[in-house]
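Here the structure is laid out as structure tokens; the discussion comes afterwards.
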Amino acid sequence: MRSENIITGKTRVCGLIGYPVGHSMSPAMFNAAFRELGLDYVYVTFPVREGELGTAIAGMKALNVRGVNVTIPHKVAVVPLLDELSPLAQKIGAVNTVINDDGCLRGSNTDADGFLGPLLERGIDPQGRRVVVQGAGGAARAVSFILAERGAQLVLLNRKPERAIELAQVIFRAFQREVSALELNVSNLENVLGEADILVNTTSVGMAPNDGDSPVPAGLLRPGLVVYDIVYNPVRTRLLREAEAAGATVIGGLDMLVWQGALAFEQWTGREAPRQLMKNEAIKALPK
Ligand code: ATR
């Protein structure tokens, strides 16, 4: 691999808009990928506070920034500031990737497609599968929308059940698909996991520094179940370790992180992203 990024008079600038952004692994992931392919691109972080999003997006046009990823707290607020939206981003009402094509800003949601990639890559098609999603926050929203679009039968479980019910209603309005919504507790998990094909954890349970926790009792994990934990720190969560020990198929959140970044990379550069390299760099850049 080349040791340095190329910075010239024509360097195209990409970055991350959010707050805070200082601990992001994206600069390591993207700049390594640009180096690997010899592309005259650079990726930087833009710490943008809540009240500054409008000027930041206008500045993106003025400064001819090629593309940005958008993260907390701007994924929803950025939507009305863009010129065009992908159909899925429009439905979800949240954007995490923007491309600037000669002043036309197009938004998409690569969190959703980035979640799907690692499943399809393993030959797992959600069509007609029974999928249990734990959590009802922003991540659950992107995950549930792409699963509903792909024809999965969804059960949403959340600690505050009213948030799961609300998300189920939003999905019904968008796709006319019935979605079950229940409180996240052991007895409901027990009832729904016996019939499930895929379990997705979108809650923060098990995330460092609470990496001794798991959102699912180990006794409910079994062979034949696909367990997808979108937590990426630690890379192997307690849930994934116990699922693997129980003979389940496991997918970790780092794969989703790399996929969503790879899809943004491909939009901005028109080149295939070096996914394995991006994964290695993300692991190296994980907060210690
Ligand atoms: P994100 O955008 O990452 O999804 P979020 O909107 O803050 O973040 O959502 C966090 C999710 O983790 C929520 O579903 C939250 O459950 P509540 O809606 O009931 O708060 C879930 N969560 C966080 N800590 C949890 C815990 N200790 N037990 C169960 N669920 C938890």
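The values are calculated or read from the model by the stated rules, or taken from the named source; none is laboratory data. Computed from a predicted model, the values in this text were never measured in an experiment. Here the Cβ is made from the backbone with ideal geometry for all residues, glycine too, and neighbour counts use every protein chain on show. Accessible surface areas use protein heavy atoms only, side chains included; no ligands, DNA or RNA. Shrake-Rupley method; radii C 1.70, N 1.55, O 1.52, S 1.80 Å.
Rounded, prolate or oblate: which fits the range 25-76 when a ≥ b ≥ c are the square roots of the eigenvalues of the alpha-carbon gyration tensor, with rounded for a/c under 1.5 and prolate only if a/b beats b/c? Numbers along the way, then the final one.
Details: a/c = 3.25, a/b = 1.71, b/c = 1.90.
Taking the square roots of the gyration eigenvalues as a ≥ b ≥ c, the range 25-76 is oblate.
Can you give the net charge of the other residues whose Cβ lies under 13 Å from the Cβ of A89, counting K and R as +1 and D and E as -1? Show your work: numbers first, answer last.
Numbers: positive: K75, K91, R106, R141; negative: D83, E84, D111, D113, E149.
Charge balance in the 13 Å sphere: -1.
Could you tell me how many degrees, from 0 to 90 and to the nearest 10, lie between the Cα long axis of helix 161-175 and the main elongation axis, the longest principal axis, of the Cα atoms of the chain?
70 degrees
Provide the gained length on full extension for the span R177 to D125, in nm with one decimal, where the gain is 0.36 nm per separating residue minus the Cα-Cα distance. Could you put the intermediate results ahead of the total?
Values: separation 52, 0.36 × 52 = 18.72 nm, distance 1.75 nm.
So the extension gain works out to 17.0 nm.
Carbon and sulfur together cover what percent of the accessible area of the chain at a 1.4 Å probe radius? Walk me through the numbers on the way to the answer.
On the way: 6520 of 13000 Å².
Carbon-and-sulfur percentage of accessible area, whole number: 50.
Given an 8 Å cut-off on Cα distances and at least 6 residues of separation, report the relative contact order of the range 168-255 as a percent. Present the calculation step by step, with values, prior to reporting the outcome.
Details: 137 pairs, mean separation 21.1, N = 88.
Over the range 168-255, the number comes to 24 percent.
What trypsin sites (Lys or Arg not before Pro) in the range 1-52 are in a loop by DSSP, with at most 10 other Cβ atoms within 10 Å of the Cβ? Walk me through the numbers before you get to the answer.
Numbers: sites: R2, K10, R12, R35, R49; in loops: R2, K10, R49.
Of the trypsin sites (Lys or Arg not before Pro), the ones in loops of the range 1-52 whose Cβ has at most 10 other Cβ atoms within 10 Å are K10.
Run the numbers on the chain and let me know its relative contact order in percent, using alpha-carbon pairs under 8 Å that are six or more apart. It would help to have the intermediate numbers written out before the result.
Details: 580 pairs, mean separation 44.7, N = 288.
That works out to 16 percent.
Stretched out fully, how many nm does the piece from A285 to N188 gain, at 0.36 nm a residue minus the Cα gap? Don't skip to the answer; put the middle values down first.
On the way: separation 97, 0.36 × 97 = 34.92 nm, distance 3.72 nm.
That pair, A285 and N188, stretches by 31.2 nm at full extension.
Compute the length gained on full extension between A208 and L37: take 0.36 nm times their separation in residues and subtract their Cα-Cα distance, giving the result in nm to one decimal. Walk me through the numbers before you get to the answer.
Values: separation 171, 0.36 × 171 = 61.56 nm, distance 3.29 nm.
Net length gain for the segment: 58.3 nm.
Between R49 and D101, how many nm apart are label points set 7 Å from Cα along the C-beta direction?
The answer from the label model is 3.6 nm.
Using a 1.4 angstrom probe, figure out how much accessible area the range 113-253 has per residue, in square angstrom, rounded to the nearest whole.
Details: 6150 Å² over 141 residues.
Computed with neighbouring chains in place, this is 44 Å² per residue.
Return, ordered by residue number, the residues of the range 115-142 whose backbone nitrogen is under 16 Å from a label point located 7 Å along Cα→Cβ of R222.
Within reach of a label on R222, which here means backbone N under 16 Å from a point 7 Å along Cα→Cβ, the range 115-142 contributes 130-132.
Taking the DSSP beta bridges in the chain as the whole, what percent of them are antiparallel, to the nearest 5? Provide the component values of the computation, followed by the final result.
Values: 8 of 42 bridges.
For the chain, the DSSP antiparallel bridge percentage is about 20.
Would you kindly calculate the mean projected area, averaged across all directions, of the convex hull enclosing the Cα atoms of the range 113-253, in square nanometres? Could you put the intermediate results ahead of the total?
Details: hull surface 29.5 nm².
Hull-based average projected area comes out at 7.4 nm².
Test of the criteria: in the range 1-72, which GluC sites (Glu not before Pro) are in a DSSP loop and have at most 14 other Cβ atoms within 10 angstrom of their Cβ? Intermediate values should be presented prior to the final figure.
On the way: sites: E4, E36, E50, E52; in loops: E4.
Passing both the DSSP loop test and the Cβ count: E4.
Loop-only check: which chymotrypsin sites (Phe, Trp or Tyr not before Pro) in the range 25-113 are DSSP coil with at most 16 other Cβ within 10 angstrom? Mind showing how you got there, number by number?
Details: sites: F30, F34, Y41, Y43; in loops: none.
Sparse-neighbourhood loop chymotrypsin sites (Phe, Trp or Tyr not before Pro): none present.
Roughly what percent of Cα-Cα pairs across the chain reach past 30 Å?
Details: 12821 of 41328 pairs.
The share of Cα pairs beyond 30 Å in the chain comes to 31 percent.
Quick check: net charge around A243, other residues with Cβ under 13 Å of its Cβ, Lys/Arg +1 and Asp/Glu -1?
Values: positive: R222, R236, R238, R241; negative: D229, E242, E244.
Spelling it out: positives minus negatives among the neighbours equals +1.
Given the convex hull of the Cα atoms of the range 193-288, what is a quarter of its surface area in nm²?
Mean orientational projected area (the range 193-288, Cα hull): 6.9 nm².
Net charge near L116: determine it from the other residues with C-beta under 13 Å of the C-beta of L116, scoring Lys and Arg +1 and Asp and Glu -1.
Numbers: positive: R122, R129, R150; negative: D111, D113, E121, D125, E149, D255.
Charge balance in the 13 Å sphere: -3.
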